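Presented below is the structure to which this report refers.
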Amino acid sequence: MIPTVRSLPLLLLAPLLLTACGSERSGQGETRDDGAPTAELVARAGALGIAPELVYVTGAPGFTLARQSVGVYGGDGFSATYVSRQEGGQLRLYVDRGTMSAAECAAGQQMCELVEEGVWYRSGRGTHEYAVVKEDHVVRLEGDADVSRDVLHEAAREAHRPSGEEVTELLPPAPADDAAPTGPVERGDLPPAGDGAPRNDVDAGG
């Protein structure tokens, strides 16, 4: 079992977070050599109104992605839910633009803890979460009370931008550029003239 963050000395915690929470995995096909998102990620995310640079995936023991949960969060952010059939509970991944301050972390929460620079842990209202502040966005891993802090920590460590294979599993295909627009559906139950609406020019009883 991964030790909770509180049990780790600060000097040991820093490299862990820098190499796990704060880093973005490279060489998996999620970006080109110049650091830009791949065309496939841009197309699939853009079709849903999601900024491609805000798309992340994660993993935690016993949790699997609920693909129907994937969608836009806020203006152009990203959200996805991971579920555990064995233990119950849900992990929710949110990515949105902005940052997080101590005041924002503590708002509406029972406790807020700065684990390391740019990494927060907070709990309240039956949930708890890790929030990892990136350069211009925040990656949040939120869990129900049934989800242990160890599992939540693991999910925060594993959060990364998707590889090429992960993109196809995560996001639906983008519509083809040459897809023909859908026309009106022809109905066979309407008369050849008029729209079949009731007539209002008949006498009473007619």
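Remarks
- Counting only Cβ charges, +1 for Lys and Arg and -1 for Asp and Glu, the dipole size of segment 41-158 around its Cα centre is about 380 debye.
- J(HN,Hα) series, segment 112-117, from Karplus relation 6.51 cos²θ - 1.76 cosθ + 1.60, nearest Hz, glycine and proline x: 9, 9, 7, 6, 7, 3
- Solvent exposure of segment 93-140 amounts to 48 Å² per residue of accessible area, where only protein heavy atoms count and the probe is 1.4 Å.
- Whole-percent carbon and sulfur share, accessible surface of segment 104-148, 1.4 Å: 42
- Only Lys, Arg, Asp and Glu carry charge here, each on its Cβ (+1 for the first two, -1 for the last two); on that basis segment 95-175 has a dipole of about 240 debye about its Cα centre.
- Sequence ranges 83-96, 63-76, ranked by mean other-Cβ count within 10 angstrom, highest first: 83-96, 63-76
- Charge context of Asp76, other residues only, Cβ under 10 angstrom, K/R +1, D/E -1: -1
The values are calculated or read from the model by the stated rules, or taken from the named source; none is laboratory data. A quick note: this is a predicted structure, and the numbers were derived from the prediction, not measured. Reconstructed Cβ throughout: ideal geometry from the backbone, glycine too, with neighbour counts over all protein chains shown. For accessibility, only protein heavy atoms count, side chains too; no ligands or nucleic acids. Shrake-Rupley method; radii C 1.70, N 1.55, O 1.52, S 1.80 Å.
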